[in-house]
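For reference, the structure is listed below as structure tokens.
Read-outs: derived from the displayed coordinates by stated rules, not from any lab. As the structure is a prediction and not an experimental result, all values here were calculated from the model. Neighbour counts are summed over all protein chains in view; Cβ atoms, including those assigned to glycine, are modelled from backbone coordinates with ideal geometry.
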Amino acid sequence: MQTEQSRQRGIPVTFTVEAILFDMDGTLIDSTPGVLKAWETFSKDYSLGDSLAIAHATHGRRLYDTLREYCRIEDGAKLLDEVNRFEDEVLKGGPIALPGAAHLLSKLNSTSSQWAIVTSASNIYAPRALEIAGVPLPKVGLVTSNDVSHGKPHPEPYLAGAIRCGVDASKCLVVEDAVSGLKSGRAAGALTLAVCTSTSRKVILDSDANPDYLVTDLRKVTTRVVDNMIEITIDETQE
């Protein structure tokens with residue numbers, strides 16, 4: 001990670017990786033209004049209490065895991081139905097692309113197939129949300145909650161993403177907004193880049209996520225392909 005002093009001086013950092021693995025919600029798209037509304041609905045239905053606190057506490061984790069934990073749903077069929085109901089509520093909120101996301105991925109898609117989206121969302125919700133937000137899909141496809149047995153912060157999601165790209169996780173950069181996702185990427189052995197889109201800089205730095213790099217949003221990141229590697233330049237200065 002660059003030092004705080006180098007960030008303040010505006011010194012960009014450039015390095016190469018074999019693949020980039022992006023989180024989705026909070027990193028590429030903003031689905032906050034829909035998520036808050038969905039938790040408000042489920043909090044009423046299941047008498048959960050403070051829906052805003054639950055939304056913050058569960059950010060970045062698989063919905064399968066959080067609904068099982070908070071709503072005490074053990075029946076598999078009912079859990080799947082409730083996941084679908086929750087995600088439909090989120091989609092009604094109208095996910096939008098976060099700053100820099102669509103531009104970065106469109107350019108990346110035109111030059112490289114070595115990137116994937118690794119999300120805690122389901123395989124039904126994820127492509128629909130990306131389409132609504134106008135964010136391109138990776139050529140290698142998505143890794144969703146349906147593809148793994150363990151969700152973030154377990155390393156399995158990002159290990160699966162690296163396999164999808166045909167590379168070792170240690171040769172990847174994981175781009176995340178949530179502490180649980182950053183911990184997942186680090187546990188997988190990847191470099192990690194935190195974007196301060198849904199989680200504040202202070203919360204990330206005070207956590208045990210320990211990202212290698214940290215930026216305001218994806219407008220601070222540029223890429224180009226050099227000798228079949230992805231060269232990444234990151235501007236960590238604060239605005």
**Q.** trypsin sites (Lys or Arg not before Pro) within region 11-92: DSSP coil, no more than 16 neighbouring Cβ in 10 Å
**A.** Arg72
Q) For the chain, modelled as a Gaussian network with Cα springs under 10 Å, which listed residue fluctuates most, Val118, Val195, Val226? A) Val226
Q. How far apart, in nm, are the 7 Å Cα→Cβ label points at Glu231 and Lys202?
A. 3.9 nm
Q. Between the DSSP loop rule and a limit of at most 12 other Cβ atoms within 10 Å, which GluC sites (Glu not before Pro) in region 61-163 are left?
A. Glu74
Q. Helix 179-188 versus the longest principal axis of the chain: what is the Cα-based angle in degrees, 0 to 90, to the nearest 10?
A. 60 degrees
Q: Specify the angular offset, from 0 to 90 degrees and rounded to the nearest 10, of the alpha carbon long axis of helix 101-111 from the longest principal axis of the alpha carbons in the chain.
A: 60 degrees
Q) How large is the helix-only mean residue ellipticity at 222 nm for the chain, computed as the sum of -39500 (n - 2.57) over DSSP H runs with n ≥ 4, divided by its residue count, in deg cm²/dmol to the nearest 500? A) -12500 deg cm²/dmol
Q | Built amide H within the under 5 Å cut-off of Leu214, gap 5+ | A | Ala194
Q | For region 45-55, 3J(HN,Hα) per residue [Karplus equation, 6.51 cos²θ - 1.76 cosθ + 1.60, θ = phi - 60°, Hz, x = Gly/Pro] | A | 5, 10, 6, 8, x, 5, 5, 5, 5, 5, 4
Q: Can you find, among Ser43, His59, Ile73, the residue farthest towards the positive end of the dipole of region 32-92? Put +1 on the C-beta of Lys and Arg, -1 on that of Asp and Glu.
A: His59
Q) Once amide H atoms are placed 1.01 Å from N in the peptide plane, what residues at a sequence separation of 5 or more from Leu191, or on another chain, have their amide H within under 5 Å of its amide H? A) Cys172, Val174
Q: Return the sequence-ordered ³J(HN,Hα) values of region 138-146 in whole Hz as given by the Karplus equation 6.51 cos²θ - 1.76 cosθ + 1.60 applied to θ = phi - 60°, using x for Gly and Pro.
A: x, 5, 7, x, 10, 10, 10, 4, 6
Q: With r as the distance between the Cβ atoms of Leu52 and Lys78 and R0 = 30 Å, compute the FRET efficiency 1/(1 + (r/R0)^6) and round to 0.05.
A: 0.75
Q. Taking θ as phi - 60°, what are the ³J(HN,Hα) couplings along region 17-34 by the Karplus curve (6.51, -1.76, 1.60), each to the nearest whole Hz, with x for Gly and Pro?
A. 9, 8, 7, 10, 10, 9, 5, 10, 5, x, 10, 9, 10, 10, 10, 3, x, x
Q) Of the beta bridges DSSP finds with both residues in the chain, what % are antiparallel, to the nearest 5? A) 45 percent
Q: Would you count, across the chain, every pair of lysines whose alpha carbons are under 20 angstrom apart, provided the pair is eight or more residues apart or spans two chains?
A: 11
Q | Amide H contacts of Ile117 (H built 1.01 Å from N, under 5 Å, at least 5 apart or other chain) | A | Phe22, Val143
Q. In what sequence do Cys196, Cys165, Cys172 fall when counting other Cβ within 10 Å, fewest first?
A. Cys196, Cys165, Cys172
